[in-house]
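Student: If you scroll down you'll find the structure; I have some questions about it.
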Amino acid sequence: MFYGAAVWDPWLIVAQIVCLQCLYYITLGLFLAILVGTRVSRLSLVYFFDYVTITTSTITGWCVIASFLLSSIAGAAYMFVVIERAKKCLDFSATLYIIHLFICIVYGGWPSSITWWIVNGTGIAVMELLGEYLCFMRENREIQLTRYRTSV
């Protein structure tokens with residue numbers, strides 16, 4: 001999709017970061033609506049950005065955790081489509097989660113819950129490793145060369 005030339009293109013990188021971040025939050029919202037929205041009376045941004053909602057002490061907290069981890073898996077698929085290079089997967093997944101950390105700090109303060117750090121650390125690892133694996137498999141595909149013989 002955005003697989004460009006070998007030159008450094010900052011606009012392409014910014015476009016990929018914005019695209020990946022938007023797709024991640026859209027997917028997270030979808031999973032939160034499916035898993036958490038049925039359990040709470042009102043779904044809000046608290047479930048996206050407040051570290052208090054990521055807890056193992058309630059069923060709703062486990063649903064939030066599952067939403068974040070499923071979004072990481074989807075993020076790996078998005079990297080397969082948008083980024084297309086295995087060597088860039090770590091950079092883009094780290095950037096996504098650093099931006100998420102900054103938004104969480106602005107929204108709800110410094111995440112002091114160890115569960116938040118474990119869930120997001122696992123999320124970045126899943127997104128990076130699965131995205132790298134998918135991109136690596138595409139990069140190492142055998143190039144098919146077919147010859148057509150004409151009978152004269």
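The values are calculated or read from the model by the stated rules, or taken from the named source; none is laboratory data. The structure presented is a predicted model; accordingly, all values stated were derived computationally and were not measured. Note that each Cβ is placed from the backbone with ideal geometry, even for glycine, and that neighbours are counted across all protein chains shown.
Student: Answer yes or no as to whether residue 122 is surrounded by fewer than 15 Cβ atoms within 10 Å (Cβ to Cβ) and either in contact with a Cys (Cβ under 9 Å, 6 or more places away or on another chain) or among the hydroxyl-bearing types (Ser, Thr, Tyr) (or both). Before you say what the answer is, go through the steps one by one.
Tutor: Working: surrounded by fewer than 15 Cβ atoms within 10 Å (Cβ to Cβ): yes; either in contact with a Cys (Cβ under 9 Å, 6 or more places away or on another chain) or among the hydroxyl-bearing types (Ser, Thr, Tyr) (or both): yes.
Yes, satisfied.
Student: Here's a check for you: in segment 100-119, which residue that is of a type in the set (Ser, Thr, Tyr) and assigned to a helix (DSSP H, G or I) is nearest to residue 53 (Cα to Cα)?
Tutor: Going through the qualifying residues, I end up with 115.
Student: If residue 87 passes every condition in (1) touching a helix residue (DSSP H, G or I) at 6+ places or on another chain (Cβ under 6 Å); (2) within 24 Å of residue 18 (Cβ to Cβ); (3) assigned to a helix (DSSP H, G or I) but one, which one does it miss?
Tutor: Unmet condition: (1).
Student: Scan 67, 93, 71 and give me the residue that is under 14 Å from residue 124 (Cβ atoms), touching a Phe, Trp or Tyr at 6+ places or on another chain (Cβ under 9 Å), among the hydroxyl-bearing types (Ser, Thr, Tyr) and at pLDDT 95 or above. Even if it seems obvious, please write down each step before you answer.
Tutor: Working: 67 fails: under 14 Å from residue 124 (Cβ atoms); 93 fails: touching a Phe, Trp or Tyr at 6+ places or on another chain (Cβ under 9 Å).
One residue alone meets the criteria, 71.
Student: Something else about it: Just checking, which of 54, 99 is hydrophobic (A, V, I, L, M, F, W, C), within 19 Å of residue 33 (Cβ to Cβ) and at pLDDT 95 or above? Spell out how you get there, then give the answer.
Tutor: Working: 99 fails: within 19 Å of residue 33 (Cβ to Cβ).
The conditions single out 54.
Student: May I ask you to list the residues in segment 44-59 that are of a type in the set (Val, Ile, Thr) and either surrounded by 18 or more Cβ atoms within 10 Å (Cβ to Cβ) or closer than 19 Å to residue 27 by Cβ (or both)? Break it down stepwise before answering.
Tutor: Of all residues in segment 44-59, those of a type in the set (Val, Ile, Thr) come to 46, 52-56, 58-59.
Of everything in segment 44-59, those that are of a type in the set (Val, Ile, Thr) and either surrounded by 18 or more Cβ atoms within 10 Å (Cβ to Cβ) or closer than 19 Å to residue 27 by Cβ (or both) turn out to be 46, 53, 54.
Student: Would you say residue 136 is modelled with pLDDT under 95 and in a helix (DSSP H, G or I)? Break it down stepwise before answering.
Tutor: Values: modelled with pLDDT under 95: yes; in a helix (DSSP H, G or I): yes.
Criteria met by residue 136.
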